[in-house]
1. Of the numbered conditions (1) open to solvent by less than 50 Å² (accessible area, probe 1.4 Å); (2) within 30 Å of Y121 (Cα to Cα), N209 fails exactly one; give the number of that condition.
2. Could you tell me whether region 55-65 includes any residue that is under 14 Å from the mean Cα position of the chain (by Cα) and either open to solvent by 40 Å² or more (accessible area, probe 1.4 Å) or free of Cβ contacts under 8 Å to residues at least 60 places away in the same chain (or both)?
3. Here's a check for you: in region 196-222, which residue that is at positive phi and out of contact with any strand residue (DSSP E or B) (no Cβ under 6 Å at 6 or more places or on another chain) is modelled with the lowest pLDDT?
4. Here's a check for you: in region 223-260, which residue that is closer than 22 Å to A58 by Cβ and of a type in the set (K, R) is modelled with the lowest pLDDT?
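The values are calculated or read from the model by the stated rules, or taken from the named source; none is laboratory data. Keep in mind it's a predicted model, so treat the numbers as computed, not measured. As a convention, Cβ positions derive from the backbone with ideal geometry for all residues, glycine included, and neighbour counts pool all protein chains shown. Remember, those area values only see protein heavy atoms, side chains included, never the ligands or the DNA or RNA. Shrake-Rupley method; radii C 1.70, N 1.55, O 1.52, S 1.80 Å.
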Amino acid sequence: MNLNKQIPLGVFFFLLFAPFFFQCCAPVSVQQPSRPFDHKKITDLISMSREQERRVHALFSSGRLTIKRRGSEAELNSLIAGVRDSGKIKIEITHPWGRPLLHILINEKRFQILSFSEKRYYAGSLGSFDPSGFFPGMLDSDQIWTFVRGYPVIRKNNRAVSLKENQATLLNTNGEFVQVIDFHPQSSPSCSVFFPGQDIKITFSDFQNEDGIYYARKVELNDPRTGSQLTFDLKQVVFNKAIPKEIFQLEKPAGFETMVPQGTEER
C-alpha cells in the first residue's frame with residue numbers, strides 16, 4: 001500500500017465490514033426512581049458514563065443522515081471514522097445516488113471541509129463558523145464525538161446534582177449549568193443530553209449493547225435557535241479496530257476555491 005495516498009472511506013468500509021456480523025442485546029433494566037437521584041446514584045451514573053467513554057477509542061460507522069432546516073429536508077448517506085485519543089473524525093456525506101456532497105475532517109479543535117457542490121475548500125477552528133450547515137450551533141469536538149459515538153461525553157465539571165427525577169445536572173465552579181443529562185426511567189443509559197450554553201439537545205434512542213459497549217442506533221441533535229435538526233440512523237458500526245492514518249487526510253482537488261476566515265491560518 002502506498003502510504004502517501006488517501007484511502008477512501010468507502011473502500012475501508014467494504015474491507016472492514018465484509019466478514020463482520022454482530023448481535024446486539026437490550027440494555028439491562030433498572031428500578032425506576034420516584035424522586036431525584038441521591039448523591040450515590042449520581043456518582044454511579046457518571047462513573048458508568050465515564051467507563052463507556054474509556055471503552056471506545058475508535059469507531060467506523062455508516063448510516064442515513066437526515067438534515068432538517070426551516071422549510072427544507074434532505075436525506076443523505078454518511079460514512080464516519082473517528083479516533084478519540086487523537087481527536088480526529090472523518091465524515092463523508094453523499095447523495096443517495098452516490099455523488100459526494102461534503103467531506104469533513106475534524107482534527108482536535110480545527111476542521112477542514114470539502115464542499116463538492118460549491119467546489120470550495122473551507123478551513124478554520126471549531127465554533128468560529130460553519131460553512132457546511134452540518135454542525136448546528138457550531139459544536140465543539142466533544143459534542144461531535146457524542147453525536148457520532150451515540151453516547152454522551154461527560155463535560156468537565158465541579159459538581160453534579162439532581163434537581164428532578166431521572167436527571168443529573170453538572171455545574172462549573174461558578175455554579176453555572178454546563179450539562180443536563182436525562183436517563184431513561186427503565187434503563188441505565190442516558191436518553192438525552194442538554195447543553196445550556198448553546199441551547200442544544202442531543203437525544204439517543206434504540207440503545208444496543210455490544211460486548212459491554214452501549215450505543216444508540218438513532219441520535220438526534222436539535223438547535224432551536226437556528227431551527228435545525230440533525231438525525232443519524234446507524235446501519236453498521238465497528239468499535240476499536242485499527243483505522244489507517246491515511247483515512248484522516250483531506251486534499252483539496254484542483255479547481256476548488258480556498259475559503260479561510262480572516263485571521264485563521266490554513267493548515
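1. Answer for N209: the failing condition is (2).
2. Start the filter on region 55-65 by keeping residues that are under 14 Å from the mean Cα position of the chain (by Cα), which leaves 56-65.
Now drop any that are not either open to solvent by 40 Å² or more (accessible area, probe 1.4 Å) or free of Cβ contacts under 8 Å to residues at least 60 places away in the same chain (or both), which leaves 57, 64.
Yes: one or more hits.
3. Within region 196-222, the subset at positive phi is 199, 206, 211-212.
Applying the additional criterion that residues be out of contact with any strand residue (DSSP E or B) (no Cβ under 6 Å at 6 or more places or on another chain) yields 199, 211-212.
Working: D199: 91, D211: 94, G212: 94.
Here the residue is D199.
4. Of region 223-260, the ones closer than 22 Å to A58 by Cβ are 232-250.
Next, from what is left, pick out any that are of a type in the set (K, R): 235, 241, 245.
Values: K235: 97, K241: 96, K245: 92.
Selected residue: K245.
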